[in-house]
Amino acid sequence: MSFYPPLDQVEAIMRETADALILPRFRSLGDDEVSEKKGPDDLVTIADREAEVRLTSRLEALVPGSKVVGEEAVSQGLTSVDILREDRDLWLVDPVDGTLNFVEGLERFGVMVAFIRGGEVRQSWILLPVSGHCAVASKGDGATFDGHPMRPRRNVPFAEAYGDYSRIYVDEEFRPILDNGVKGSAGTIQGRCSAWGYTDLARGEIDYYVQYVMTPWDHAAGQLIVEEAGGRFAFMPGGEPYTPLPHKDQPMLAVADADMWQDYAARLMAN
């Protein structure tokens, strides 16, 4: 099958969904519209659930025979991440990435969509609804931000590098190691949002991004955008490449400059 979903049509579906179901709830959520999943740092809102339903129906209709694997459907037991192992056209959807920020009224949240064929991410989109900015990538064709090529920073020594590292999501086994490792860089933020972290990385706002929780909808779209901009995604310490499949939680490093991955990883995992 040679047909790929038109990039602009997918972006339009995401924008329409954000305008209709996400932005009207921003800073307007009622107490009964927010609930916990696994704990106080893992929230879901009415916006997450309604947006995913709309995205699922429209994306599956765009590519007949395709299947959406969405964060909320998986959490409710309506589908399984094991579908990602099937040889079929798939979508990975995170309807509101950065839900904790969204609930707190912070604009660092986004909508993430990745199109997978043959076990690889072939196209991806990250929409930042408040600003309206959108990052788009197609495998082999580069990555853009609002239609302009993304230009990350290059050849930045770790001591001069800035990163994104949200330690609240890291298990106790690795937290002291990574806490100490990031101190060797110029500084970090705890952004708590993959959508922002990966777009920041690919457009030169930061130089590295440390991740730990391996829920696939948090990373697949960002992987293609970062790699098409010249970066690298891989697990620490060994450098095994990330794939859009179910993985156990483990340290993962994304860098803006692929040539710097090994050096950054060695410094972050030095202990």
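The values are calculated or read from the model by the stated rules, or taken from the named source; none is laboratory data. Quantities reported herein were computed from a predicted structural model and do not represent experimental measurements. FYI the Cβ positions are ideal-geometry reconstructions off the backbone, even for glycines, and counts take in every protein chain you see. In case anyone asks, the SASA skips ligands and DNA or RNA and just uses the protein heavy atoms, side chains included. Shrake-Rupley method; radii C 1.70, N 1.55, O 1.52, S 1.80 Å.
For this structure, a couple of remarks:
- Relative to one another, the C-alpha centroids of the range 34-63 and the range 65-100 are positioned 10 Å apart.
- Straight-line reach from Lys37: taking Cα to Cα under 20 Å and skipping same-chain neighbours fewer than 8 places apart, the lysines in range are Lys248.
- Exposure of Asp259 as accessible area (Å², to 10), given a probe of 1.4 Å and all protein chains: 130 Å²
- Cα gyration tensor shape of the range 110-220, rounded if a/c is under 1.5, else prolate or oblate by comparing a/b with b/c: prolate
- Ala161 sits among other residues whose Cβ lies under 15 Å from its own Cβ, and their net charge, with Lys and Arg +1 and Asp and Glu -1, is -3.
- Rounded to the nearest 20, the Cβ-based charge dipole of the chain about its Cα centre (Lys and Arg +1, Asp and Glu -1) stands at 420 debye.
- Partners for Lys67 among aspartates and glutamates (Cα-Cα distance below 17 Å; same-chain residues under 8 apart left out): Glu52, Asp82, Glu86, Asp87, Asp89, Asp94, Glu120
- Gaussian network model of the chain, Cα within-10 Å springs - most flexible of Glu60, Glu240, Glu72: Glu240
- Spacing of the two label points (7 Å from each Cα toward its C-beta) at Arg154 and Asp259, in nm: 0.7 nm
- Of every Cα-Cα pair in the range 211-260, the percent that sits beyond 16 Å: 30 percent
- The range 94-154: C-alpha gyration tensor shape, a/c 1.5 cut-off, then a/b vs b/c: oblate
- Overall shape: rounded for the range 150-271, with the ratio a/c of the largest to smallest alpha carbon gyration tensor axis below 1.5.
- Working note: 222 nm ellipticity from helices only, DSSP H runs with n ≥ 4, each -39,500 (n - 2.57), summed and divided by the residues of the chain, gives -7500 deg cm²/dmol to the nearest 500.
- Ratio Rg/Rh, restricted to the range 23-163 and using Cα atoms, in which Rh is the Kirkwood radius: 1.00
- Compared with the rule-of-thumb size 2.2 N^0.38 Å for a compact globular protein, the range 21-105 has a Cα radius of gyration ratio of 1.15.
- What the pair-distance distribution of the chain shows, using all Cα-Cα distances binned every 5 Å from zero, is 1, 6, 14, 18, 20, 17, 13, 7, 3, 0 percent.
- Largest mean-square fluctuation among Gly98, Gly163, Gly204, in a Gaussian network model of the chain whose springs join Cα atoms under 10 Å apart, belongs to Gly204.
- Using only alpha-carbon positions in the range 118-181, the gyration tensor eigenvalues give semi-axes of 29, 17, 15 Å once each is multiplied by 5 and square-rooted (largest first).
- Each Lys and Arg contributes +1 and each Asp and Glu -1, all at the Cβ; summed about the Cα centre of the range 111-172, the dipole is approximately 280 debye.
- Probe 1.4 Å, accessible area per residue of the chain, Å²: 42 Å²
- Gap separating the Cα centres of the range 108-129 and the range 215-271, nearest whole Å: 16 Å
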